[in-house]
Amino acid sequence: MAVRILIKRPAPDDKVDTLRELIDKLRSGSTAQTGYISGETMRRIDPPGELMVISKWKTRQDWQRWFESAERSRLQRRIDELLDAPTTYEIYEYD
């Protein structure tokens with residue numbers, strides 16, 4: 001069953017550009033993964049200061065493989081160094 005993953009990251013103004021570059025690298029890596037369908041990145045307006053990625057996968061297992069991969073983990077560690085709060089992940093399946 002297809003799933004959507006909501007990935008939320010606090011985005012301090014002075015780090016948004018670097019954060020976006022790393023998120024673009026994550027997206028590039030995810031597109032080559034089995035089960036990846038689509039993704040989009042949005043910047044919160046009200047209140048500001050958050051970036052959200054919505055990623056769609058064929059199955060939760062496909063997402064989990066990517067989530068646990070060395071490539072994704074390496075990039076996420078670099079992202080974590082920029083953030084004042086942790087990245088949060090919400091997994092939704094289609095009903």
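The values are calculated or read from the model by the stated rules, or taken from the named source; none is laboratory data. Everything quoted here is computed from the prediction, not taken from an experiment. Counting neighbours? That spans all protein chains shown, and the Cβs are built from the backbone with ideal geometry, glycine included.
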Could you list all residues from the range 56-95 that are in contact (Cβ under 8 Å) with a residue 24 or more places away in the chain and among the hydrophobic types (A, V, I, L, M, F, W, C)? 57, 63, 66, 75, 79, 82, 83, 85, 91
Take the residues in the range 1-16 that are modelled with pLDDT of 95 or more and surrounded by fewer than 16 Cβ atoms within 10 Å (Cβ to Cβ); name whichever of them is farthest from the chain's Cα centre (by Cα). 2
Report every pair of residues separated by at least 6 positions or lying on different chains whose Cβ atoms are under 7 Å apart, first residue within the range 18-36 and closer than 16 Å to residue 64 by Cβ, second β-branched (Val, Ile, Thr). 35/59
Counting only residues that are not acidic (Asp, Glu) and not in a helix (DSSP H, G or I), how many does the range 4-61 have? 34
Restricting attention to the range 61-95, and to residues there that are among the aromatic types (Phe, Trp, Tyr) and surrounded by 14 or more Cβ atoms within 10 Å (Cβ to Cβ), which single residue is nearest to residue 3 (Cα to Cα)? 63
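If we keep just the residues of the range 30-60 that are among the small types (Gly, Ala, Ser) and either over 11 Å from the mean Cα position of the chain (by Cα) or modelled with pLDDT under 95 (or both), which is farthest from residue 3 (Cα to Cα)? Let's see the steps before the verdict.
If we filter the range 30-60 for residues that are among the small types (Gly, Ala, Ser), which is where we start, we get 30, 32, 35, 38-39, 49, 55.
Imposing the further condition that a residue be either over 11 Å from the mean Cα position of the chain (by Cα) or modelled with pLDDT under 95 (or both) reduces the set to 32, 35, 38, 49.
On the way: 32: 17, 35: 10, 38: 11, 49: 26 Å.
Among those that are among the small types (Gly, Ala, Ser) and either over 11 Å from the mean Cα position of the chain (by Cα) or modelled with pLDDT under 95 (or both), it is 49.
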Matching entry among 35, 29 (being on the phi > 0 side of the Ramachandran plot and either of a type in the set (Gly, Ala, Ser) or surrounded by fewer than 17 Cβ atoms within 10 Å (Cβ to Cβ) (or both)): 35
